[in-house]
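Remarks on the structure that follows.
The values are calculated or read from the model by the stated rules, or taken from the named source; none is laboratory data. Just so we're clear, the structure is a prediction, and the values are computed from it rather than from any experiment. All Cβ positions, even for glycine, are placed from backbone atoms using ideal geometry, and neighbour counts span all protein chains on display.
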Amino acid sequence: MIWLAWRQFRTQASVAGGVLIAVAITFLLTGPHLAHAYDTTVLTCKVHGDCAPVLANFFARDRLIRDLSRAAILVPALLGVFWGAPLVAREMENGTFRMAWTQSVTRSRWIVIKLGVVAAASVAVAGLFSLMVTWWSSPFDTITKDPFGTFDLRGIVPIGYAAFAFALGVTMGVLIRRTIPAMAATLVAFTAVRVAFTEWVRPRLLSPLHYSGAFTLNQNGPNEVPGKGQARDWVVSSLILNKRGVVIGSNGGIGPNGEINLQPGAHGGTTLVGVGTCPETIPPPTSTGVHSSGPAPLNVQRAVQKCLNSFHLKEVLTYQPASRYWTLQWYEMAIFLVLAVALAGFSWYWVRRRLA
Amino acid sequence: MLSVDLPGGPSVTAVLEAEGLGKRYGRRWALSECTLSIPAGHVVGLVGPNGAGKSTLLNLAVGLLAPTGGSISVLGSLPAADAAQLGRVGFVAQDPPTYSGLSVADHLKLGARTNPTWDNELATSRVRRLGLDPSQKAGKLSGGQRAQLALTLAIAKRPEFLVLDEPVASLDPLARREFLQILMETVAEHQVSVVLSSHLVADIERVCDYLIVLVSSRVQLTGEIEDLLSTHHRLIGPRCDPSSLPENQHVIEESHSERQSTLLVRSDGPIMDPAWTIESLSLEDLVLAYMGQGRSIDATLWSKDDE
């Protein structure tokens, strides 16, 4: 029976193997150069005092491969759609289950072995892919120090996603019994679950920490916990309060991405919409987007900061510290693996008891 | 042949026994209250109109379907109860499915890897005799070749009971004849009990020695074909009232013109009345008569339902 499961899976497996090998070759050809460039230019830029151009140069390297490596986010979905959904659906659609289930192999054993063989392959493919992407991207990741920015693409969570996507695909195939609709349903359901999980579950996996302090402009924007370690924390939400402790921002003073909306006051000075007016006059441009390209001139920054200081604003951040990165990775992977096992169990039950 | 004497128990002489068997899809019953017994050591033809429940019955027999009601036992145990039971029953499905991406040789390997009782010599010699190219993908075979491949798989696992669900329905006449020919050879060679469903009486006549007519889940007629043909007659004579016939003659079908009556009767003894011209029946006449009878029973059931 293992032979049959493998024989039916052989073509799909060789396609995946081919893609993995192509990616591995690409990474092996470019990765060592990246690491070398990192060691010789980025690591020494502080000594030479030319960090800005060196970093700009470094990030211009292998831009295409870097963009393509983001496609790793699609790997679990593809496994679910092309390996999971057809596993049983194609047998139902073509009627071949009638041949398969009347050999001397019980249905229970048939589905367990098919699930086992292809699930193992899915996990292996996703794991290898993530391993290669994580290794290749490490110089960039070391510079950006933003582990949560690439949380879904690195480490061990792709393994959980792949197992889940595969089991979800099988379940859809078992329920819908037709290949193409099952594939479509798998894609929709998987995307929905992933988005919902990222949006609502991941921030609450561990109870988040809170920071509150004076609102200051800093290099990386307002949504950053100041004075912390090496890597960026994951700020789940931020609130800015005026000196009476009332939340501002929603009424236009400070936008959702930290844009500070300062306008010339009617009677001189500068107005922060919805908060108040300070006596300082800000040299134009008066609207400073923190994330806009290029930092504002130094005199503008100082004037803005002085104006903001006069309002005694406070910011309250809810965040997951960078030190929890691996804990969150393990939790998320484990949850998706549990979901995968539950779906596989359901498929097993359905094939054994309900199908045909 | 298949009678197994269990210590202290009754001997098992039926390969299939169904009791009040039913299968429902949603609110529609594909088979309901079906009670029948298929004897061992025969090639049994299961005929009936479309929708009679033949396919459902056979799928229940091989365990592809689970009954909604009633009970079924095949070779003395539940269908598809375990691997051993699966190995004892061979199945060729309607429009026999094969894996289009797998070659003929792959299919034989599939059979070998999934059946401990696999007879590889039988399988390879059959494939050779059929002239199938082992490296040919099943998707490229003709319908007849695919059916032959499916039959090879079902036979080479050396089952005690072979179930064929309209195996030749989609084949052209030549392929159909070849298929049935090979089936007959196999049966003769390996002493296997067979049930074969078809709505074509000619196919049944060619290979079967036992007949079951199933109409709307009810068995209308069952018995060895030879006996059935010798006990059924067409009587043609002057117009009469069928109820005037002797006790041992049962009218299956009657038609009357002004002067003449034509009766299809089952008679347990010889027909003595010299007024009748006695004609023998073809199997097709017989089957059609009983199917018609089933339909009229059905019609009365319907009118009852409507009240």
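Considering only segment A:48-66, I want to know if a residue exists there that is within 11 Å of chain B (Cβ to nearest Cβ), at positive phi, modelled with pLDDT under 95 and not in a helix (DSSP H, G or I).
no
You will find that of B:Ser170, B:Ser142, the residue that is closer than 22 Å to B:Leu64 by Cα and modelled with pLDDT under 95 is B:Ser170 and no other.
Test of understanding: among A:Val75, A:Val117, which residue is away from every other protein chain (no Cβ under 14 Å) and either among the basic types (Lys, Arg) or within 30 Å of the chain's Cα centre (by Cα) (or both)?
Working: A:Val117 fails: away from every other protein chain (no Cβ under 14 Å).
From the options A:Val75, A:Val117, the qualifying one is A:Val75.
Filtering segment A:144-158 to residues that are under 13 Å from A:Val133 (Cα atoms) and under 8 Å from the mean Cα position of the chain (by Cα) leaves A:Thr150, A:Phe151, A:Asp152, A:Leu153. Take segment A:1-39 and flag every residue that is assigned to a helix (DSSP H, G or I), within 14 Å of chain B (Cβ to nearest Cβ) and not hydroxyl-bearing (Ser, Thr, Tyr). If the condition is that a residue be assigned to a helix (DSSP H, G or I), within 14 Å of chain B (Cβ to nearest Cβ) and not hydroxyl-bearing (Ser, Thr, Tyr), then A:Ile2, A:Trp3, A:Leu4, A:Ala5, A:Trp6, A:Arg7, A:Gln8, A:Phe9, A:Arg10, A:Gln12, A:Ala13, A:Val15 are the ones that fit.
Residue by residue, here is whether (1) modelled with pLDDT under 90; (2) in a helix (DSSP H, G or I); (3) crowded, with 22+ Cβ neighbours inside 10 Å holds:
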{"residue": "B:Ala175", "(1), (2), (3)": "yes, yes, no"}
{"residue": "B:Glu178", "(1), (2), (3)": "yes, yes, no"}
{"residue": "B:Thr186", "(1), (2), (3)": "yes, yes, no"}
{"residue": "B:Ser197", "(1), (2), (3)": "no, no, yes"}
{"residue": "B:Asp203", "(1), (2), (3)": "yes, yes, yes"}
{"residue": "B:Arg206", "(1), (2), (3)": "yes, yes, no"}
{"residue": "B:Leu211", "(1), (2), (3)": "no, no, yes"}
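Scanning segment A:319-339 for residues that are buried (at least 17 other Cβ atoms within 10 Å of the Cβ) and either out of contact with any Asp or Glu (no Cβ under 6 Å at 6 or more places or on another chain) or over 16 Å from A:Pro203 (Cα atoms) (or both) gives A:Gln320, A:Arg324, A:Tyr325, A:Leu328, A:Gln329, A:Tyr331, A:Glu332, A:Met333, A:Ile335, A:Phe336, A:Leu337, A:Leu339. Within segment A:36-54, track down each residue that is of a type in the set (Gly, Ala, Ser) and over 17 Å from A:Thr144 (Cβ atoms). Scanning segment A:36-54 gives a single hit, A:Gly49.
Just wondering, is there one or more residues in segment B:202-218 that are among the basic types (Lys, Arg) and more than 14 Å from every other protein chain (Cβ to nearest Cβ)? Checked segment B:202-218: at least one residue is among the basic types (Lys, Arg) and more than 14 Å from every other protein chain (Cβ to nearest Cβ). For segment A:251-276, filtered to residues that are polar (S, T, N, Q) and at pLDDT 75 or above, the residue that is surrounded by the most Cβ atoms within 10 Å (Cβ to Cβ) is A:Thr270. Flag not set for B:Leu301, criterion: under 23 Å from B:Leu36 (Cβ atoms) and at pLDDT 85 or above.
In segment A:174-196, the count of residues that are within 16 Å of A:Tyr325 (Cα to Cα), buried (at least 17 other Cβ atoms within 10 Å of the Cβ) and either of a type in the set (Lys, Arg) or at pLDDT below 95 (or both) is zero.
When only residues in segment A:1-28 that are small (Gly, Ala, Ser) and under 30 Å from A:Trp136 (Cβ atoms) count, which is surrounded by the most Cβ atoms within 10 Å (Cβ to Cβ)? Break it down into steps so the answer makes sense when it comes.
The first filter runs over segment A:1-28 and keeps only residues small (Gly, Ala, Ser), leaving A:5, A:13-14, A:16-18, A:22, A:24.
Narrowing the set further to residues that are under 30 Å from A:Trp136 (Cβ atoms) leaves A:13-14, A:16-18, A:22, A:24.
Values: A:Ala13: 17, A:Ser14: 10, A:Ala16: 22, A:Gly17: 12, A:Gly18: 10, A:Ala22: 10, A:Ala24: 15.
It comes out as A:Ala16.
Of the numbered conditions (1) among the hydrophobic types (A, V, I, L, M, F, W, C); (2) over 21 Å from A:Leu20 (Cβ atoms); (3) more than 14 Å from chain B (Cβ to nearest Cβ), A:Trp110 satisfies every one except a single condition; which is it? For A:Trp110, the failing item is (3).
May I ask you to list the residues in segment B:153-193 that are among the hydroxyl-bearing types (Ser, Thr, Tyr) and farther than 22 Å from B:Leu75 by Cβ?
Kept after step one, since they are among the hydroxyl-bearing types (Ser, Thr, Tyr), are these residues of segment B:153-193: B:170, B:186, B:193.
B:Ser170, the sole residue that qualifies.
Quick one: which of A:Thr191, A:Thr150 is in a helix (DSSP H, G or I) and under 21 Å from A:Ala340 (Cβ atoms)? So that I can check it myself, show each step before the final result.
Working: A:Thr150 fails: under 21 Å from A:Ala340 (Cβ atoms).
Criteria check complete, one pass: A:Thr191.
Could you please let me know if A:Val81 is away from every other protein chain (no Cβ under 14 Å), assigned to a helix (DSSP H, G or I), closer than 30 Å to B:Gln94 by Cβ and not charged (D, E, K, R)? If you could, list the steps in order and put the result at the bottom.
Numbers: away from every other protein chain (no Cβ under 14 Å): yes; assigned to a helix (DSSP H, G or I): yes; closer than 30 Å to B:Gln94 by Cβ: no; not charged (D, E, K, R): yes.
It is false that A:Val81 is away from every other protein chain (no Cβ under 14 Å), assigned to a helix (DSSP H, G or I), closer than 30 Å to B:Gln94 by Cβ and not charged (D, E, K, R).
A Cβ distance below 9 Å, combined with a sequence gap of six or more or placement on separate chains, defines the contacts here; from segment B:271-283, residues that are surrounded by 13 or more Cβ atoms within 10 Å (Cβ to Cβ) reach residues that are polar (S, T, N, Q) in the pairs B:Ile271/B:Gln249.
Yes/no matrix, rows are residues, columns are (1) surrounded by 20 or more Cβ atoms within 10 Å (Cβ to Cβ); (2) closer than 27 Å to B:Tyr25 by Cβ; (3) touching a Cys at 6+ places or on another chain (Cβ under 7 Å):
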site: B:Ser77; (1), (2), (3): no, yes, no
site: B:Ala83; (1), (2), (3): no, no, no
site: B:Pro97; (1), (2), (3): no, yes, no
site: B:Leu110; (1), (2), (3): yes, no, no
site: B:Gln145; (1), (2), (3): yes, no, no
